[in-house]
1. As a check on your grasp of the helix formula, calculate [θ] at 222 nm for the chain: sum -39500 (n - 2.57) over DSSP H runs of n ≥ 4, divide by the residue count, round to the nearest 500.
2. Where does the Debye-calculated log10 I(q)/I(0) of the chain sit at q = 0.20 Å⁻¹, using only Cα point scatterers of equal weight, no solvent?
3. Distance in nm between label sites at residue 39 and residue 18, each 7 Å beyond Cα in the beta-carbon direction?
4. How long are the semi-axes of the ellipsoid equivalent to the stretch 1-47, from square roots of 5 times the Cα gyration tensor eigenvalues, in whole Å, largest first?
């Protein structure tokens with residue numbers, strides 16, 4: 001299960017139900033994907049296929065929606 005948290009243009013932010021416990025979010029885009037750590041600060045964990053511009057936009061979107069991501073994470077996983 002991969003609940004979608006936010007959609008902005010071509011970017012979809014989501015997380016997998018059965019993955020590592022450290023808070024993070026995945027970002028899917030038609031050109032590739034990225035994973036961002038959420039805490040203690042938003043930081044790129046890994047990516048594939050995205051240009052530097054697309055990565056910067058993905059990080060901007062994650063940062064803009066960080067509170068929504070944290071809330072969705074806690075609702076889905078508890079805590």
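1. Working: 2 runs with 25 residues, N = 79.
Calculated mean residue ellipticity at 222 nm is -10000 deg cm²/dmol.
2. Calculated log10 I(q)/I(0) at the listed q: -0.80.
3. That separation, rounded to one decimal, is 2.4 nm.
4. 17, 13, 10
The numbers here are math on the coordinates, done by the rules we state, and not lab data. This one's a predicted model, so the numbers in the text were calculated from it and none came from an experiment. So basically every Cβ, Gly included, is an ideal-geometry build from the backbone, and we count neighbours across all protein chains shown.
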